[in-house]
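See structure below.
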Amino acid sequence: MIPLIQSRESIEKLVHNYIRYLEVERHASPYTVRNYTHDLRHFLQFLNMENVATLEEVDRHLLRRYIATLQEQGFEKSSVSRKLSALRSFYGYLMQQNFISSNPLLTVSSPKLEKRLPSFLSSDEVAQLLETPDTTTPQGQRDRAMLEFLYASGLRVSEIVGLDLESVNIEAREIRVWGKGAKERMVLIGKPAASALDMYLREGRRQLLGNSRTEALFINRYGKRLSERSLQKAISRYALEAGLDKRVFPHMVRHSFATHLLDGGADLRVVQELLGHANLSTTQIYTHVTQSQARKVYLAAHPRAKKEGD
């Protein structure tokens, strides 16, 4: 057993080491790293307020006070649940490294969350979004290719911006992707996405690249790899220009990809593979979306369903 941590400075160092572990060994996404870092820092502030100096002092009762404090501060159930997930992961790491002798999170439950169905775009809305970029400009060619690519492949934002030139086989319309946990998978794209990507590579990317050198597939106007934030902002802007009356974000396009595949009769396990989900249960939520959509269509279209009392 490694000696127990006896100072707040040592706890800070452990958090730093854990974050490095997430980045280097677990290959966690930047989004996960950012959120877990913020959540653990927030927990350390609580420990300071409670005059807790060692991790061994953290028990079930203290954690329940922490949850109560979060609720008093107005945090949503989903935020409380995420903070507890960060703590569970952190304490799992500490147990694995023999820094602590017991895990107090094992007896603490997360708040029960209401299941929310993923929001998605209709096929017509997707078409409006994809046709918005001005393909007479280098940025427009890049953005058209990026949007087509996003919808055709269902990739995560981090996966899109992390692609290199060698990952793409336009002729075979196949993309090699490194997803969560550094797991490799192959995804497919259709002809429209391949055509848009081909135009971008032949024209737009060369102009954006200038005298720079990079293997990144999607680059900004300075010839550097495009950031996740830039992609998110571009999608929001194009959604406004397309006249879509909803807030559109990259994951909504991913949701649309999965929903439309299932609506078209795709096998659930194939969709799981394309999305890069480790568990089938994660993909199954999209079957609820399609069932919910089918119910809406039925109630709106069937003559007997529309009559009161039927």
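The values are calculated or read from the model by the stated rules, or taken from the named source; none is laboratory data. Remember, predicted model here, so these are calculated numbers, not experimental data. Don't worry about glycine lacking a Cβ; one is built from the backbone with ideal geometry, like all the others, and counts go over all protein chains shown.
Please tell me if L40 is modelled with pLDDT of 90 or more and assigned by TED's automatic domain parsing to the domain that holds H16. Criteria met by L40. The residue that is modelled with the highest pLDDT, among those in the range 57-116 that are more than 26 Å from Y21 (Cα to Cα) and among the small types (G, A, S), is A68. Suppose we keep only residues that are among the charged types (D, E, K, R) and within 17 Å of L14 (Cβ to Cβ) within the range 47-65. Which one would you say is surrounded by the fewest Cβ atoms within 10 Å (Cβ to Cβ)? This residue is E57.
Test E57 against the criterion of being farther than 21 Å from N35 by Cα, free of Cβ contacts under 8 Å to residues at least 60 places away in the same chain and not β-branched (V, I, T), and give yes or no. Yes; evaluated as a whole, the condition is true for this residue.
If you go through the range 66-112 and keep only what is exposed (fewer than 12 other Cβ atoms within 10 Å of the Cβ), assigned by TED's automatic domain parsing to the domain that holds Y18 and among the charged types (D, E, K, R), you end up with just E72.
The rows are residues; the columns are (1) out of contact with any Leu (no Cβ under 9 Å at 6 or more places or on another chain); (2) modelled with pLDDT of 90 or more; (3) surrounded by 14 or more Cβ atoms within 10 Å (Cβ to Cβ).
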{"site": "I219", "(1), (2), (3)": "no, yes, yes"}
{"site": "K224", "(1), (2), (3)": "yes, yes, no"}
{"site": "K246", "(1), (2), (3)": "no, no, no"}
{"site": "D263", "(1), (2), (3)": "yes, no, yes"}
{"site": "H277", "(1), (2), (3)": "yes, no, yes"}
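Each residue in the range 7-31 was checked for being modelled with pLDDT under 85, under 21 Å from M95 (Cβ atoms) and either among the small types (G, A, S) or not in a loop (DSSP other than H, G, I, E, B) (or both), and 6 pass. Each residue in the range 129-138 was checked for being buried (at least 18 other Cβ atoms within 10 Å of the Cβ) and closer than 15 Å to L209 by Cα, and 1 of them qualify. The residues on offer are A239, A258, and the sole one that is at pLDDT 85 or above and surrounded by 14 or more Cβ atoms within 10 Å (Cβ to Cβ) is A239.
Restricting the range 196-211 to residues that are touching a residue at least 12 places away in the same chain (Cβ under 8 Å) and more than 15 Å from D164 (Cα to Cα) leaves a set whose member that is surrounded by the most Cβ atoms within 10 Å (Cβ to Cβ) is A196.
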